[in-house]
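One structure below.
The values are calculated or read from the model by the stated rules, or taken from the named source; none is laboratory data. If you're wondering where the values come from, they're calculated on a predicted model, not measured in any experiment. Cβ placement follows ideal geometry from the backbone for every residue including glycine, while neighbour counts extend to all protein chains displayed. Please note that ligands, DNA and RNA were not included when accessible areas were found on the heavy atoms of the full protein model with its side chains. Shrake-Rupley method; radii C 1.70, N 1.55, O 1.52, S 1.80 Å.
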Amino acid sequence: MARRGAGTPLLLQLSLLLLLHLCGTLGCASVTVGSPTVPLGSAVTASCTIRRELCRGLEQGKVRISWMLDNKLVAGSQRQGPGGTEVSNLTLPRFNHTQARLWCCVEWNGTKQRVGMAEIRAGYPPAKPLNLSCILNLSDYGLTCQWEQGTDSHLPTSVVLKCSGGRAQAVTGCTPREGHSQCTVPRRLLQLYRQMEIWVSATNALGTAESERLRIDPMDVAKLDPPTLQSIQSIPFQTDCIALAWDVAWGTEHMELQCELRYRAPEDAAWALVTGIVGRAGRAQRCGFLFGTQYRFQMRCRRSSASALASWSEWSPGRNYTTHEKAPTGKLDAWWGAQPAGSGGRQEVQLRWKPPGQREANGRVLGYRVTLSPRRRGRDPATICNTTQTQCSFSLPAGTSRVYLSAYNAAGESAPTEVVLLERKGQPLAGLRAVPGGERSLWVHWEAPLAPVVAYVLEWQRVTTEPGHCGACWQRERDGAATTALIQDGIEPFQRYNISLYPLYEDTVGVPVHTTAYSQQKAPTHAPKLHLRRISKSEAELCWEPLPVEMQNGFITSYTIFWANSITDVASATVNPSLSSFVVRGLKPSTLYKVHIMASTAAGGTNGTSLTLVTTVLDDTEIQFLFLTLGLVFVVLMVLLICFQKNERMKEQLWPSVPDPANSSLGKWVPAAVPQEPLQVLAAREPGPAAISTVTVLEGEPGKQPGKEHPVLAAAPPALPRPYVRQEGPG
């Protein structure tokens with residue numbers, strides 16, 4: 001019962017809140033705003049009126065009114081109105097929401113209850129539609145118009161396309177779909193072959209905007225199908241003219257058409273345009289075409305009576321045609337190189353030339369011919385070179401100073417170009433240098449010589465490991481006063497080029513000057529591989545092979561050698577790029593080192609692989625001295641050993657000879673009568689002084705040393721015993 005009684009007030013409160021909410025929405029409160037749609041950023045005013053008798057639960061007590069813009073609390077003023085009502089007014093000085101809800105709330109039992117609401121939208125007046133254009137479709141004769149809508153107004157906007165003809169009242173031609181800016185006016189609303197006004201109208205709650213009015217005859221803006229090119233032929237008697245024939249599109253045969261023709265060659269950057277062609281004629285001529293050149297032709301048409309707003313048809317499918325050829329014209333630009341005549345009396349010449357341009361070639365050049373004399377009527381000179389290339393090498397008799405060069409195609413041969421082989425002994429230039437002009441170009445600068453120059457010839461060759469020659473890598477500077485030239489043909493980044501400059505004087509060619517250059521540099525592709533040439537306890541000599549020029553990617557500015565052991569920091573030394581070896585000094589004996597090399601250009605450096613080496617304990621001289629000392633000791637020992645074996649006196653001094661008693665004369669001598677003494681046991685005798693019973697005296701031969709016997713005498717029988725005295729002791 002207690003729990004049930006405690007829950008009753010909560011149910012009552014919920015019931016009252018629901019009833020209050022329902023009563024409020026049914027008329028408990030009324031919210032009014034100055035305007036539900038306002039310009040964005042303008043002020044908004046609102047008023048909320050509370051009628052107590054319609055809001056159950058609020059009959060007694062003070063009513064407090066508050067405002068909320070969406071979920072944000074805003075402050076308003078409150079006063080008592082007529083008839084016991086409570087009124088609250090609100091002013092928002094700057095409304096920056098494109099759409100928001102404004103709530104009127106009352107406080108009941110400590111909470112804010114929403115009792116009224118007004119929705120407010122803000123935006124801009126519609127923008128003026130721009131760039132209105134229309135096209136009439138001849139398949140259904142519907143007029144399709146499109147335009148640009150402009151900026152978004154943030155408000156619901158109604159857009160319609162309106163049209164009027166003559167004095168007729170304006171009607172709505174069509175309405176675009178949501179989010180689109182084009183629509184089609186049906187045929188029944190159009191007046192063909194008469195002027196009509198067409199415009200776009202956009203309307204929202206803040207105003208109306210209209211586009212500029214388009215005054216057209218719908219047939220003027222008809223979208224025609226393109227014509228069809230039927231044939232293109234050269235006019236035989238006018239060799240640079242062609243005749244074209246075409247058919248107009250189906251359904252336009254009765255119209256007066258104005259057409260345009262455009263054409264271009266494959267190497268042309270832009271189309272050449274021919275205007276003012278009458279479409280119904282079906283034929284036209286055009287001159288000024290190059291010989292032996294392929295062209296691509298296209299046509300388009302529109303009504304000739306159309307206004308400037310009329311639409312052209314699409315360009316017709318392209319048709320190719322190649323004009324007929326004729327013999328090449330003009331002179332060839334040639335250059336040569338020659339070696340002095342040898343013992344055989346002939347000189348080797350390498351002749352190079354530039355191919356003729358499109359206008360001079362008059363078709364496809366089939367080849368070039370070099371002769372010793374010009375061609376004359378009825379007699380062809382001897383040909384020393386006939387090639388399809390732009391260079392040729394041949395030998396000439398000593399003293400030959402001229403050759404003649406000509407080009408030929410299927411239609412004939414050009415007039416010969418005389419090439420004078422001048423001697424190269426003129427004054428050379430000074431101050432030649434080359435700098436990058438871009439990634440694929442080089443600027444060459446030089447100082448003008450004192451003698452007047454007719455022209456200059458620049459040669460350049462890419463430096464490679466394998467020898468090669470570029471026949472087209474040269475150009476002629478025809479301005480003798482020039483001191484700069486730009487090389488653009490055949491220049492690649494990260495490649496080295498040898499550049500030669502020849503001044504051309506009136507009757508001789510100057511001695512060339514040379515330089516090298518890169519158009520762009522970067523770090524080398526690889527670093528050289530280190531090799532160990534020799535090593536000691538404190539030094540190591542390293543060597544390396546120079547990088548191939550293709551791997552250098554620029555001028556090598558230096559080599560840097562780095563070395564370090566496991567304890568000390570890395571040490572380095574910079575080596576001149578002309579060297580290919582280096583001696584690392586100050587190393588510790590019997591220590592492991594890691595060494596690597598870095599090759600550097602102006603644009604960066606590249607490290608090579610590491611080389612591991614171990615220093616020795618001794619130097620080479622110390623090792624040689626040690627081996628020399630040991631050798632001397634060994635030699636001395638061997639000499640001493642030999643001397644000991646060969647020298648008897650030394651052997652006697654160090655190892656004296658000891659006689660063998662068994663081989664002595666005493667051992668071999670036996671006396672005639674030796675008295676037999678009875679053996680006495682020492683143990684049985686009384687202790688006392690020993691008694692000498694017999695003394696025998698032996699006399700040797702004079703001059704004979706003991707132990708030294710003559711070999712002959714040693715073999716003789718023993719001598720007879722000498723008399724001896726025997727003495728007997730007492731007892």
Within region 75-86, of all residues that are closer than 15 Å to residue 53 by Cβ and touching a strand residue (DSSP E or B) at 6+ places or on another chain (Cβ under 7 Å), the one surrounded by the fewest Cβ atoms within 10 Å (Cβ to Cβ) is 80
Scanning region 465-485 residue by residue, those polar (S, T, N, Q) and either outside any loop (DSSP other than H, G, I, E, B) or surrounded by 14 or more Cβ atoms within 10 Å (Cβ to Cβ) (or both) turn out to be 475, 483, 484
Of the residues in region 155-190, those that are open to solvent by less than 50 Å² (accessible area, probe 1.4 Å), among the β-branched types (Val, Ile, Thr) and touching a helix residue (DSSP H, G or I) at 6+ places or on another chain (Cβ under 9 Å) number 1
Checking 349, 365 in turn, the sole residue that is in a loop (DSSP other than H, G, I, E, B), out of contact with any Ser or Thr (no Cβ under 6 Å at 6 or more places or on another chain) and farther than 30 Å from residue 214 by Cα turns out to be 365
Selection status of residue 518, surrounded by 14 or more Cβ atoms within 10 Å (Cβ to Cβ) and over 27 Å from residue 575 (Cα atoms): no
TODO: Evaluate region 547-554: report whether one residue or more is over 30 Å from residue 517 (Cα atoms) and either open to solvent by less than 40 Å² (accessible area, probe 1.4 Å) or modelled with pLDDT under 95 (or both).
DONE: no
So, first residue under 19 Å from residue 75 (Cβ atoms) in region 33-47, second residue outside any strand (DSSP E or B) and of a type in the set (D, E, K, R), Cβ within less than 9 Å, six or more apart or across chains; the pairs are 43/94; 44/94
When region 132-149 is checked residue by residue, the ones that are open to solvent by 60 Å² or more (accessible area, probe 1.4 Å) and either in the same structural domain as residue 303 (by the TED database) or of a type in the set (Val, Ile, Thr) (or both) are 135
Is at least one residue of region 204-224 open to solvent by 10 Å² or more (accessible area, probe 1.4 Å) and under 48 Å from the mean Cα position of the chain (by Cα)? no
Yes or no: residue 152 open to solvent by 50 Å² or more (accessible area, probe 1.4 Å), more than 55 Å from the chain's Cα centre (by Cα) and acidic (Asp, Glu)? no
Those residues of region 403-452 which are assigned to a strand (DSSP E or B), closer than 20 Å to residue 352 by Cα and not acidic (Asp, Glu) amount to 403, 404, 405, 406, 407, 408, 409, 417, 419, 420, 424
message: Residue under question is residue 201, and the condition is that it be of a type in the set (S, T, N, Q), assigned to a strand (DSSP E or B), open to solvent by less than 50 Å² (accessible area, probe 1.4 Å) and within 22 Å of residue 294 (Cβ to Cβ); does it hold?
response: no
Scanning region 438-458 residue by residue, those more than 18 Å from residue 487 (Cα to Cα) and surrounded by fewer than 14 Cβ atoms within 10 Å (Cβ to Cβ) turn out to be 450, 451, 452, 454
Please determine whether any residue of region 380-396 is open to solvent by 50 Å² or more (accessible area, probe 1.4 Å), under 17 Å from residue 474 (Cβ atoms) and part of a strand (DSSP E or B). yes
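Rundown of residues vs (1) open to solvent by 70 Å² or more (accessible area, probe 1.4 Å); (2) assigned by the TED database to the domain that holds residue 462; (3) of a type in the set (Lys, Arg), yes/no style:
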position: 537; (1), (2), (3): no, no, yes
position: 544; (1), (2), (3): no, no, no
position: 561; (1), (2), (3): no, no, no
position: 594; (1), (2), (3): yes, no, yes
Picking from 337, 330, the residue that is surrounded by 14 or more Cβ atoms within 10 Å (Cβ to Cβ) and either assigned to a strand (DSSP E or B) or over 44 Å from the mean Cα position of the chain (by Cα) (or both) would be 337
Expected single match for exposed (fewer than 15 other Cβ atoms within 10 Å of the Cβ), on the phi < 0 side of the Ramachandran plot and in contact with a Phe, Trp or Tyr (Cβ under 6 Å, 6 or more places away or on another chain) among 435, 420 is 435
Residue 503 passes all but one of the listed conditions (1) assigned to a strand (DSSP E or B); (2) outside the structural domain of residue 440 (by the TED database); the exception is number (2)
For this session: Answer yes or no: is there a residue in region 225-240 that is at pLDDT below 90 and surrounded by 18 or more Cβ atoms within 10 Å (Cβ to Cβ).
Result: no
Expected single match for open to solvent by 30 Å² or more (accessible area, probe 1.4 Å), modelled with pLDDT of 90 or more and in contact with a strand residue (DSSP E or B) (Cβ under 6 Å, 6 or more places away or on another chain) among 427, 488 is 488
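Which one is modelled with the lowest pLDDT, of the residues in region 626-666 that are of a type in the set (D, E, K, R) and loosely packed, with under 10 Cβ neighbours inside 10 Å?
Filtering region 626-666 for residues that are of a type in the set (D, E, K, R) and loosely packed, with under 10 Cβ neighbours inside 10 Å, the one modelled with the lowest pLDDT comes out as 649.
May I ask you to list the residues in region 287-303 that are part of a loop (DSSP other than H, G, I, E, B) and surrounded by 15 or more Cβ atoms within 10 Å (Cβ to Cβ)?
If the condition is that a residue be part of a loop (DSSP other than H, G, I, E, B) and surrounded by 15 or more Cβ atoms within 10 Å (Cβ to Cβ), then 289, 290, 291, 292, 293 are the ones that fit.
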Would you confirm whether or not region 575-584 contains a residue that is farther than 30 Å from residue 451 by Cα and over 36 Å from the mean Cα position of the chain (by Cα)? yes
Residue 373 vs (1) open to solvent by 70 Å² or more (accessible area, probe 1.4 Å); (2) more than 48 Å from the chain's Cα centre (by Cα): all pass except (1)
The residue from 613, 587 that alone is open to solvent by less than 50 Å² (accessible area, probe 1.4 Å), out of contact with any Gly (no Cβ under 9 Å at 6 or more places or on another chain) and in a loop (DSSP other than H, G, I, E, B) is 587
